[in-house]
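Step one of this worksheet: look at the structure below.
Only the coordinates and a few stated rules stand behind these numbers; no lab work does. Note that the structure is predicted; figures quoted are calculated from it, not measured.
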């Protein structure tokens with residue numbers, strides 16, 4: 001399978017590229033700059049992920065897309081995820097590419113309020129408010145599309161070694177935060193390229 005990966009140079013994105021290649025997939029990575037983009041084995045395309053023309057070019061011959069785009073903490077309004085996702089949906093629709101696996105986060109959409117006391121009362125409203133509004137809009141756009149999508153919501157991401165398995169949860173009644181390694185998230189994301197187990201669902205990933 002040929003896969004386009006957005007956000008491939010990020011902490012989780014790099015692991016997704018590595019895992020996809022190890023599993024025999026062909027990887028195209030859309031990056032802002034090829035200079036310093038150390039992604040051995042991936043085909044690099046330079047461009048803005050919000051540009052539909054660039055996205056259509058990157059999608060040539062692809063069977064699926066993984067979005068690992070993210071934004072940092074801050075108080076200023078951000079719209080990268082919203083703009084890039086809307087452009088991606090249009091480009092995928094025109095190219096006839098249907099499978100989209102997108103990384104979101106615990107605390108987005110109906111998982112809001114399940115991050116634990118400190119996260120829910122301090123970090124999300126004070127430091128992540130604008131970023132999470134952008135993630136909310138991103139999820140809404142994906143849900144409204146006709147694509148075959150999976151939205152993956154990891155708990156707090158760590159750089160710990162992979163354990164090789166995660167809990168994927170959609171019933172959040174008992175969830176009050178939790179963490180998971182980026183490496184385990186990457187493996188789960190790549191698995192979703194070839195299975196319909198979580199199709200059009202939003203599994204929360206925790207250890």
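Pick from 175, 28, 101: which is most flexible by mean-square fluctuation in a GNM of the chain where alpha carbon atoms under 10 Å apart are linked?
175
With angles folded into 0 to 90 degrees, how steeply does helix 129-144 sit against the dominant principal axis of the chain? Use alpha carbons for both and round to 10.
60
Any chance you could give the angle, 0 to 90 degrees and rounded to 10, that helix 80-95 forms with the longest Cα principal axis of the chain?
Between the helix axis and the principal axis of the chain, the angle is about 40 degrees.
Rounded if a/c is under 1.5, else prolate if a/b is larger than b/c, else oblate: which is region 72-190, with a ≥ b ≥ c the root eigenvalues of its Cα gyration tensor?
oblate
Over the chain, with a Gaussian network built from C-alpha contacts below 10 Å, which listed residue (197, 71, 82) shows the highest mean-square fluctuation?
Ranking 197, 71, 82 by mean-square fluctuation puts 197 first.
Can you give the Rg to Rh ratio of the chain, both from alpha-carbon atoms, with Rh computed by the Kirkwood formula?
Reported Rg/Rh, Kirkwood definition of Rh: 0.94.
Whole angstrom only: what separates the Cα centroid of region 32-62 from the Cα centroid of region 116-141?
A separation of 28 Å, based on Cα centres.
For the chain, with a Gaussian network of springs between Cα atoms less than 10 Å apart, report the residue from 186, 194, 35 with the top mean-square fluctuation.
Maximum among the listed residues: 35.
Report, for region 2-206, the % of DSSP beta bridges that are antiparallel, rounded to 5.
10
Please give the per residue volume of the convex hull enclosing the alpha carbon atoms of region 1-101, rounded to a whole number of Å³.
Spelled out: Cα convex hull of region 1-101, divided by residues, is 93 Å³.
For the Cα atoms of the chain, what angle does the longest principal axis make with the long axis of helix 11-22, in degrees from 0 to 90, nearest 10?
Between the helix axis and the principal axis of the chain, the angle is about 50 degrees.
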